[in-house]
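Q: One structure is given below, represented as structure tokens, and several questions about it will come after.
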């Protein structure tokens, strides 16, 4: 006899791993399905999105133009970095790009320093940029310095 309201796999799963020690299959079939809460309890809360009103966008732009950093705007308006950049771009606000780049002359000088045994950290400090800003062009055409 087949019971159409239960999937055979579900019955087998529930009967193979009973929550306590039920006396018969009938008790398992009539008991409410138990959820595995272990996986769902450890999930982080859902991301909350914050949509800025038009007056808030105007304030964000005004603050940026007056010199507020992107980090300050993120904290003040409770939005993501990408949201700040998107509003600046949509409103054609110029933002400096490539601040941490090396000029062609600086790359040549950095390559010479690297070949002569200077560490990437020291070279980055000399030019006032991050280590990865120095490493990136060096990877393209400079042999590693002797260790």
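Q: Quickly rank 111-123, 51-63 as a protection proxy: mean count of other C-beta atoms within 10 Å, highest first.
A: The densest-packed peptide leads the list: 111-123, 51-63.
Q: How large is the direction-averaged shadow of the alpha-carbon convex hull of the range 75-136, in nm²?
A: Average of the hull's projected areas for the range 75-136 equals 5.8 nm².
Q: Residue separation times 0.36 nm, minus the C-alpha to C-alpha distance between residue 115 and residue 63: what's the value?
A: 14.2 nm
Q: Can I ask one more? Under 14 Å from a point 7 Å along the Cα-to-Cβ line of residue 126: which residues of the range 68-109 have their amide N that close?
A: 103, 105-109
Every read-out reported here was derived from the displayed coordinates using simple, explicitly stated rules and does not represent laboratory data. Please read these numbers as outputs of a predicted model, since none were measured by experiment. All Cβ positions, even for glycine, are placed from backbone atoms using ideal geometry, and neighbour counts span all protein chains on display.
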